[in-house]
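The values are calculated or read from the model by the stated rules, or taken from the named source; none is laboratory data. Just so it is clear, the model here is predicted, and its values are computed rather than measured. Cβ sites come from the backbone with ideal geometry, for glycine too, and all protein chains shown count toward neighbours. Quick note on the areas: whole protein, heavy atoms, side chains included, nothing else; ligands and nucleic acids left out. Shrake-Rupley method; radii C 1.70, N 1.55, O 1.52, S 1.80 Å.
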Amino acid sequence: MARTIVSRPCAFAVTVVAAALILAVPVSQTIWEGREYRAGRRDTAIPQAIDARRFVAGSAAAWTGSGPSFTRRLSALNRRLKTEIQRYEDDLEDRSIVSRFLLPPSQQILSGLLGAGNEKVYCGRDGWLFYRQSIDYAMGPGFLSPRHRARRAEEVAQPNPLKALLHFHTQLRTRGIQLVVMPVPVKPAAHPEKFSRGFHPGGEILHDPSFDEFHRELEQAGIHVMVIDSLLNRMRHSGHETYLRTDTHWRPEVVEEAARTLASYLRNRGVLPESEESGYTHAAAEIINTGDLAAMLQLPAQHGVYPAQAVQIRRVMTPDGVPWQPVRDSQVLVLGDSYANIYSLEALGWGETAGFAAQLSYYLRRPVDCILRNDSGSFATREMLRDEMARGHDRLAGKRVVVYQFSARELAFGDWKLIDLPLVPEAAGDLFCPPPGSLVTVTGTVEAVSDVPRPFSVPYRDHIFAVQLTGLQMPDGNESLGRAAVYLWSMRDNALTRATRIRLGHTITVRLRPWSDVSDTLDAVNRSELDELVLAPCWGELPE
Amino acid sequence: MVFSSHVFLFYLLPLALLGYYALPHRGKHAFLTAISYLFYGWANPAFVLVMATSTLIDYAAALLMVGRLNPRDRRPIEPLQPGTPRTRPQKAALALSVISNLSLLGFFKYFNFAASSYDQLITALGLPQLGLDVAFRVTLPLGISFYTFQSMSYTIDTYRGQATPQHRLTDFACYVSMFPQLVAGPIVRYHEIAGQLARRTYTIASFARGTLFLALGLSKKVLLANPCGTVADAAFSAGSLAAFDAWIGVIAYSFQIYFDFSGYSDMAIGLGLMLGFTFPRNFNRPYLSTSITEFWTRWHMTLSTWFRSYLFLPLAYRLSRLLPEDRPLGLSHDHVVYAGAAVLTMTLAGLWHGAAWSFVLWGLYHGLWLVGERLSGIHRPKRRRSLPRPARIATTFLITLLGWVVFRAESLAAAAAYMGSMTGLGTAQPGAGLLAGVWQQPYYLGTMAIAAVVTWACPDTWEFTRRITGIKAAWSVALLVVSLLVLFTQAYNPFIYFIF
């Protein structure tokens, strides 16, 4: 390398400015963390960057808890270290004060002015936003094509939706239950003209090249596939928007139309016996909200780039005038993802009791049961159904129809595991769980923690994680209660909760109640699980 | 760990620089080795065992060659005499080093590929019962292709008498593991850096130039490579595309891979300068090449040099002695020797990039172009003057683009399908038009336009930083600021060459 020609003051200035820029981040972070600690909002004075306690505790737990074999211990230690390193790095970024301060204005320029989007979101036209994976699905090769299968085979063990749905159908058929599959088209398939100029507003919705084959195979096996393309085309041709502008999901009118069409199909096919008039009514309400995609961009609070959108929902009310609720012993069970949760789960911000299950119940004129979970529609709800049955709650008892709704993009990107539904409940084991309706405060040592998503990196705002406690005792230390598996809030409205600071080896105090006390309202919230199925989980809250 | 990550830029880098300059010379190498192992083990702590194994074997093999395995023997080590015959133990030591390094590389990088290729072949022959059907998959340690080559260069240079073996393990471990160029090059051959390991000078001018290299490399990665990568990823994961969109996709990929890899090399060279080391140049505006022969003197220059020194030349020498002196196939002896050595070297260079048939084909494609140019005489500047220079540059770029399709596509079938889209064969699927919605956004279109200007109309980092003026310094610092701001909005941005 030839000699560098530079004046001494210039070289000095470059070095100092670059050093100041880089050092500004750790220095300001350390100062801020110190202030947070003095204000009682941090539990340690050790700066996060050099807080190695998690590595020590995690390594010790992995080493001692993986049996006597040296290679197994080494392997467990390596796995644990990888997990802790990833969490450490994520925490460092997520809790960076400089990042929090600079990201929103940077994103406003990049996305507001230049249409950059981010890893999860593409900017469309006329103020529309699109989920990146939905675009990939709409552009991608057919989900049953050899090329796509070869690509997916390296990512998940079972990428074939046909196999999983036929497996599910076989299990339901042995109990005399009809399976109805309902893949909801992705937003760019329904509104490609809002993403690319090459499409016309009145055109047909986009079809995956494999969809016809998928449809044919399932119908031949006796599974009805509820296709809403013609419904969407009809609404589009009459000039209506069918999806929300800054959200991943469909509009409330489409939800209602889809429910009405499905109800009509089920009635006409005689799948369900005739029912009396249920007395359900509709109550109109206006909801104004900003979509999940706009939230994922992390724009400044008053950005004005993607304004809130107003929609009219029709809430389903019982004859008593109370909001609709799912009924466990009804003949219809809806398994659904966020397309079923929207207008139903308050946390999504688009109102309550106007979601797909409620509207289906309204048009069927009968109660409906539902198991809903945002995201991972390819397996999450089937897994929840299996877990419920393993815990002794047979959600299939008395059912005539299971409606399995999921986003169509799951056909290409989902993990279509084959899930066996247990015929008899499993033994509950020795886990402590308070009796229904009771609340107890206990202390225990953290033995295992499930994964927590990074805020804004997932298409939901709330999340629950699981913690396994051991050495459980009442606060006075008199009574030993053994072990417990506890669900806690990990993320609320895209902000990590205090509970996510819990680390392996920590001793914590927590208020417990049985999960069954809260499952009706919290089951629909996304949740990560411990490695093993928990048969008697608790709901936990950390005292202030 | 990735250079363009929060944890590296704001925590490990300041720690490394502060610790390094606070220590005396003797402690610097041990500290740098420790930091490098931390840097390397960040992705998977178990991988440090692989690197440590390779390091220990080569350290011992080189000392064995000069008969100095006794650690208490502190006398200065003399290099072997070049050109003199080698003893059996010396040959055995070299074989130990080469075989162990290639075995590590072969197992970790090529086991999955070999097993699946064998199964495919056996199935195609109608003998599935003979298939291996191996259930376990080997995880590829980051940068293994780079550090095994570097480490091998040490023992080969020692064997040839071009380098003096290191007595101190920490010095040698520092050379192998040095974090700036550990996982994606430039590949620094031992004799190029041996002198610097013994003594080096630290100047504010070098440090400032290193800072500019770092800033410009980060800008290339964050501001150019990543957005181009978004367009390329969308195009290559799509089904059948319209011809124009397919061309946009591969052009975006050509910018992505160039700015990603040259950005990384710039950052590596910059970090080296900040630590007092001078690494060799790795890129010299490759898309300005007027032939494929010239392209390989400008693209990943340290790899080309490595292959030339350790594979092509020995191979050509062997071939020239094996082949008869008459004119086989009507070609001159030299042409046949060149053709054989070039095609084999480039095919292996392709395989070095990745364990897949598409990489083999990519290497073969470039090898055949090299041979074609040699036979037609196009590689000689005088013969190329029949076409104007811009046309020659455009032609070479076009040839490179077709190569990138094979390189980027997930399989040979996908590459063929993509080329079908580029030539307008076949029908674009209904959703294909969505790609235009990605690249027509001002951010992506603007980035590709800027990438084109930087590629063909701006000096590269090496030249730009040779004379640092106030304006250049201000530009570089401004780019550093913008890159850091954009970095906060990008969650994950691994370098392409990490997987090689």
Q.
Being without any contact (Cβ under 8 Å) to a residue 40 or more places away in the chain, in contact with a Phe, Trp or Tyr (Cβ under 7 Å, 6 or more places away or on another chain), in the same structural domain as B:A163 (by TED's automatic domain parsing) and open to solvent by 40 Å² or more (accessible area, probe 1.4 Å) is true for just one of B:L125, B:L49, B:L69, B:L132. Which residue is that?
A. B:L132
Q. Given A:V184, A:V156, which one is under 21 Å from the mean Cα position of the chain (by Cα), within 30 Å of B:T139 (Cα to Cα) and not charged (D, E, K, R)?
A. A:V156
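Suppose the filter is at pLDDT below 85, of a type in the set (A, V, I, L, M, F, W, C) and in the same structural domain as B:G41 (by TED's automatic domain parsing); does B:V98 pass it? Before the answer, list the steps.
Values: at pLDDT below 85: no; of a type in the set (A, V, I, L, M, F, W, C): yes; in the same structural domain as B:G41 (by TED's automatic domain parsing): yes.
No; evaluated as a whole, the condition is false for this residue.
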Q) Any residue at all in segment B:393-409 that is within 14 Å of chain A (Cβ to nearest Cβ) and either under 23 Å from A:H148 (Cα atoms) or crowded, with 19+ Cβ neighbours inside 10 Å (or both)? A) yes
Q. So which residues in segment B:21-42 are within 14 Å of chain A (Cβ to nearest Cβ) and either open to solvent by 60 Å² or more (accessible area, probe 1.4 Å) or in a helix (DSSP H, G or I) (or both), if there are any at all?
A. B:Y21, B:Y37, B:L38, B:F39, B:Y40, B:G41
Q | Options A:A354, A:A397: the member that is surrounded by fewer than 19 Cβ atoms within 10 Å (Cβ to Cβ) and part of a loop (DSSP other than H, G, I, E, B) | A | A:A397
Q.
With the requirement that a residue be over 24 Å from A:P435 (Cβ atoms), open to solvent by 20 Å² or more (accessible area, probe 1.4 Å) and β-branched (V, I, T), what does segment A:473-530 give you?
A. A:T497, A:T507
Q. What number of residues in segment A:457-502 are in a helix (DSSP H, G or I) and of a type in the set (A, V, I, L, M)?
A. 1
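Out of segment A:61-85, which residues are away from chain B (no Cβ under 14 Å) and open to solvent by less than 50 Å² (accessible area, probe 1.4 Å)? Step through it out loud before you land on a result.
At the first step, the residues of segment A:61-85 found to be away from chain B (no Cβ under 14 Å) are A:61, A:64-69.
The answer is A:A61, A:S66, A:G67, A:S69.
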Q. Is it the case that B:Y59 is more than 10 Å from chain A (Cβ to nearest Cβ), assigned to a helix (DSSP H, G or I) and either of a type in the set (D, E, K, R) or exposed (fewer than 15 other Cβ atoms within 10 Å of the Cβ) (or both)?
A. no
Q) Taking segment B:109-151 on its own, how many of its residues are among the β-branched types (V, I, T) and more than 21 Å from the chain's Cα centre (by Cα)? A) 4
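Residue-wise test of (1) in contact with a helix residue (DSSP H, G or I) (Cβ under 7 Å, 6 or more places away or on another chain); (2) in contact (Cβ under 8 Å) with a residue 60 or more places away in the chain; (3) part of a loop (DSSP other than H, G, I, E, B); (4) hydroxyl-bearing (S, T, Y).
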residue: A:V255; (1), (2), (3), (4): yes, yes, no, no
residue: A:A258; (1), (2), (3), (4): yes, yes, no, no
residue: A:L266; (1), (2), (3), (4): yes, yes, no, no
residue: A:S278; (1), (2), (3), (4): no, yes, yes, yes
residue: A:A284; (1), (2), (3), (4): no, no, no, no
**Q.** Residues that are within 7 Å of chain A (Cβ to nearest Cβ), modelled with pLDDT of 90 or more and surrounded by fewer than 17 Cβ atoms within 10 Å (Cβ to Cβ), drawn from segment B:452-500
**A.** B:R466, B:R467, B:G470, B:V481
**Q.** Test set (1) free of Cβ contacts under 8 Å to residues at least 40 places away in the same chain; (2) in contact with a Lys or Arg (Cβ under 8 Å, 6 or more places away or on another chain) - B:E325 fails condition number
**A.** (2)
Q: Would you confirm whether any residue within segment B:301-321 is surrounded by fewer than 19 Cβ atoms within 10 Å (Cβ to Cβ), out of contact with any helix residue (DSSP H, G or I) (no Cβ under 7 Å at 6 or more places or on another chain) and assigned by TED's automatic domain parsing to the domain that holds B:G437?
A: no
Q. In a helix (DSSP H, G or I) and surrounded by 19 or more Cβ atoms within 10 Å (Cβ to Cβ) - does that describe any residue in segment A:286-293?
A. yes
Q: Could you please find all residues in segment B:242-252 being touching a residue at least 12 places away in the same chain (Cβ under 8 Å) and open to solvent by 10 Å² or more (accessible area, probe 1.4 Å)?
A: B:A242, B:A243, B:D245, B:W247, B:I248, B:I251
Q.
Which of the numbered conditions does B:V138 fail, given that it passes all the others? Conditions: (1) open to solvent by 30 Å² or more (accessible area, probe 1.4 Å); (2) within 14 Å of chain A (Cβ to nearest Cβ); (3) aliphatic (A, V, I, L, M); (4) free of Cβ contacts under 8 Å to residues at least 60 places away in the same chain.
A. (1)
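What tally of residues in segment A:114-131 results from selecting those that are more than 7 Å from chain B (Cβ to nearest Cβ) and more than 12 Å from A:K187 (Cα to Cα)? Working first, answer last.
Of the residues in segment A:114-131, the ones more than 7 Å from chain B (Cβ to nearest Cβ) are A:117, A:120-121, A:125-131.
Keeping just the survivors that are more than 12 Å from A:K187 (Cα to Cα) gives A:117, A:120-121, A:125-127.
Adding up the residues that qualify gives 6.
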Q: Might you check whether a residue that is in a helix (DSSP H, G or I), open to solvent by 20 Å² or more (accessible area, probe 1.4 Å) and of a type in the set (V, I, T) occurs anywhere in segment A:143-161?
A: no
Q. Any idea how many residues of segment A:90-133 are touching a residue at least 24 places away in the same chain (Cβ under 8 Å), of a type in the set (D, E, K, R) and farther than 30 Å from A:P26 by Cβ?
A. 2
